[in-house]
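Here the structure is laid out as structure tokens; the discussion comes afterwards.
Just so it is clear, none of the values below were taken in a lab; they were calculated from the coordinates. In this text, all values refer to a predicted model and were calculated from it rather than measured experimentally. Counting neighbours? That spans all protein chains shown, and the Cβs are built from the backbone with ideal geometry, glycine included.
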DNA sequence: ACCAATCATTTATGATGCATAAACGATCGA
DNA sequence: TCGATCGTTTATGCATCATAAATGATTGGT
């Protein structure tokens, strides 16, 4: 069984879960980064998302128009933009989490609670390894 | 732990594994379908891939130019095109399998052999459930 | 105080992938 | 013979994405 093959059945479900937010994958990734790392410099965000800074502007414009983020300026260096998640942005992420959990429930419905627990444990260790390798040699999506 | 979150770390690796083939995801999906179901009617393939028949033509042209498939006609109904995997196509799929197995090895390197076995077992049952739901209500990627 | 560098931004451009539609030739079934 | 089916060609539009050049505001160094 190949882990990569999981995506073949999962992709449509994930797209369906993302659709209600009306946001593009990139914009959701930006929100997730902001939730994980707190208020971040715009430049840092561009690096994380592997997006050209000039293109990040449009992404942030959309998110700002939807009141999911707020822009401010670093007081120590007013050139730097500080991007922060709004309460509304946090709620959107929570909705997304719920939708994704729904996928888990659907896909793992044939597993017992105990089996799900062991599966989650093993996957958690696996993604932890992936995350570690990501920090060493960053790549898109990490 | 969300299964959907797996893709965040896996996507770049999968893209990297696919890149050497020079094929697009759709074309690889077509090859996989052909391997699983044997020689198939072109129309069936279009349904499986959720692609408009007129767009499938270009996909098959590429695959045919690369000698990965062969086109023929159904003798009982010469309107119908029969698409078949070539030996070369099979070899490309095997290369892809090897690359994807490499991802498994990298991601699951921190797991013992026994843990990998149980993980594979649980995932196999999960994807089986997904496949069953796919057959009931087909969606893209199924 | 001047000046080069940095940061966000605007604007333009092109490539790519994907979806949709219309029309055509070949072929089939009635 | 005639309508329907199948693969195909062609055209069109849309969305995403990458890249580049130029600008205004701001900074730090000299």
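Things to note:
- Relative to the other identical copies, residue A:44 shows label-point distances of 5.5 nm, where the label point lies 7 Å from Cα along the Cβ direction and values run shortest first.
- Convex hull projection area averaged over all views, the protein assembly as shown, Cα basis, nm²: 17.6
- Angle in degrees between helix A:113-136 and the longest Cα principal axis of chain A, rounded to the nearest 10: 40
- FRET efficiency, 1/(1 + (r/R0)^6) with R0 35 Å, evaluated for residue A:77 and residue A:26 via beta carbons: 0.85
- For residue A:64, label point 7 Å along C-beta direction: distances to other copies, nm: 5.2
- Test item: A:104-110 mean partner chain Cβ contacts at 10 Å: 5
- Inter-chain shielding of B:112-124 (mean C-beta neighbours from other protein chains, 10 Å cut-off): 4
- Theoretical gain in end-to-end length, residue B:84 to residue B:50 [0.36 nm per residue, Cα-Cα removed]: 10.4 nm
- In terms of other Cβ atoms within 10 Å, B:92, B:127, B:70 run from fewest to most in the order B:70, B:127, B:92.
- Only DSSP H runs of four or more residues enter the estimate; each adds -39500 (n - 2.57), and after division by the residues of chain B the mean residue ellipticity at 222 nm equals -21500 deg cm²/dmol.
- The fewest-to-most ranking of B:14, A:82 by surrounding Cβ atoms within 10 Å reads A:82, B:14.
- In a fully extended conformation the segment linking residue A:61 and residue A:114 would gain 14.6 nm over its present Cα-Cα distance, using 0.36 nm per residue.
- Multiplying the residue separation of residue A:43 and residue A:94 by 0.36 nm and subtracting their alpha-carbon distance yields 15.8 nm.
- Most fluctuating residue given options A:48, A:111, A:85, as computed from a GNM of chain A linking Cα atoms under 10 Å: A:111
- For the peptide B:11-18, the mean number of other protein chain Cβ atoms found within 10 angstrom of a residue's Cβ is 4.
- Taking every alpha-carbon pair under 8 Å whose residues sit at least 6 apart, chain B reaches a relative contact order of 25 percent.
- Helix B:87-107 vs. chain B, principal-axis angle (Cα, 0 to 90°, nearest 10): 20
- Semi-axes of the equivalent ellipsoid for chain B, Cα gyration tensor, largest first, Å: 31, 18, 14
- Against chain A, whose longest principal axis comes from its Cα atoms, helix A:6-18 is set at around 50 degrees.
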